[in-house]
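The values are calculated or read from the model by the stated rules, or taken from the named source; none is laboratory data. Nothing here was measured: the structure is a model prediction, and the numbers come from that model. Cβ atoms come from the backbone with ideal geometry, glycine included; neighbour counts cover every protein chain shown.
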C-alpha cells in the first residue's frame, strides 16, 4: 500500500498543481512503481467520471435557504428527557406512620399547653402554629442561543465545489529516456516515436546540464533542419545573466512530425564537433514525454498572447497526409520567462506567421531546465 504522501503527490499531479521539482519527483515515482501508475490511473478515471456527471448551476437563493435551515435547526433548544420516577410500594406506609407520629406529638404538646393556661387564667386558649409554606419556584425562561453570523464566503465555496467536477484530467502516459540512449538510434528512439504518435499535443520536459548551452544547441539543430527559431528578448536577456541556471525555458513549435522530433532529440544527444577538431559533450541529459495538459496550454496561450481556442488543432481522421514543408517555412519560438504579460515583437511575429496546422503533425511544448 502506498504512503499517504505518495497519494497526495499523485492527486496533486492529476490536478496540475505541482511545482517543477514536485512534478519531476512524481514522474520519477511513476517510472519506478507500477503500483503508483495504477493509482494514478484510478485517480484519473475517478476525475473523468466526475467530469462526465451533469453539472447544475447552484442558485444563490438555494445556498441561502440551506444555510438558514441549518441555523434554525441549531437554534431550537433541546427538550429535556423526563426521568422515570421509580415508586416504591412501602413508601406510602412510611409516610403515613410519620404523619401519625407527628400528629400525636402535636396533640400532646397542645394538650399540655392548654392545661397550663387553664390553670393560670381559666381560659382554654390553644394556638396551633400554621405550617410554613415554601415559595413556589418560578419557571426558568428558556435561553435562546444566539445565531452565528453566516460567512458570505460559504456560498461561494459551495458553488465552487460543483465547478471542481470539471477539473482537467492528465493522461497517465509517461515516457522517460536518457539522451545517451537516444543517440544510439536503437529501441529508445523507436519507443519515443511510438509515444509521440499517440497524440497530437505533446510536452517534452528536458533536463540539461547548462541552460544557455542547451538553447544554443537547440537553435543550431533546428537551423540545420531548415527551421527558424525566434527568441523573446526577456528570455535572451535571462540566458546572458547568471540567474539562467535557475530559470525554466519554454520552446513552442508546430507542424513537426513524430519522426522529425525523434531525429531532433537524437541529434541533440550527440557531441558537438568544432571546426578545430575538438568536441563538446551534449548538455542534454533526460527527456520525459507526456501529453500537453490543459493547464499548461492555458499558460502557453498567455505567453503567446492569443486566445486558447486559437491553439486548438483541427480534427484529424488519420487519412490525410501533411504537405511537405518548405525550407524555412516553420518557426519555433523561445517564450518569455515568468508570468504572461505584453507580448514582444518576436512573439507577435511568430503568431502572425503561423501556418495552418497540418494533419499528422504535432503541437510541441519543450520545457528546458538545468538540473
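Using the structure shown, decide if residue 280 is at pLDDT below 90 and at negative phi.
yes
Residue 226 is checked against (1) surrounded by 15 or more Cβ atoms within 10 Å (Cβ to Cβ); (2) modelled with pLDDT of 90 or more and fails just one. What number does that condition carry?
(1)
If I filter region 224-243 down to residues being closer than 23 Å to residue 264 by Cα and outside any strand (DSSP E or B), which single residue comes out as nearest to the chain's Cα centre (by Cα)?
Selected residue: 235.
Scan region 157-179 residue by residue and report those that are at pLDDT below 90 and part of a helix (DSSP H, G or I).
157, 158, 159, 160, 161, 162, 163, 164, 165, 166
From the list 303, 299, which one is assigned by TED's automatic domain parsing to the domain that holds residue 339, surrounded by fewer than 19 Cβ atoms within 10 Å (Cβ to Cβ) and either part of a helix (DSSP H, G or I) or in contact with a strand residue (DSSP E or B) (Cβ under 6 Å, 6 or more places away or on another chain) (or both)?
Just one listed residue meets the conditions, 299.
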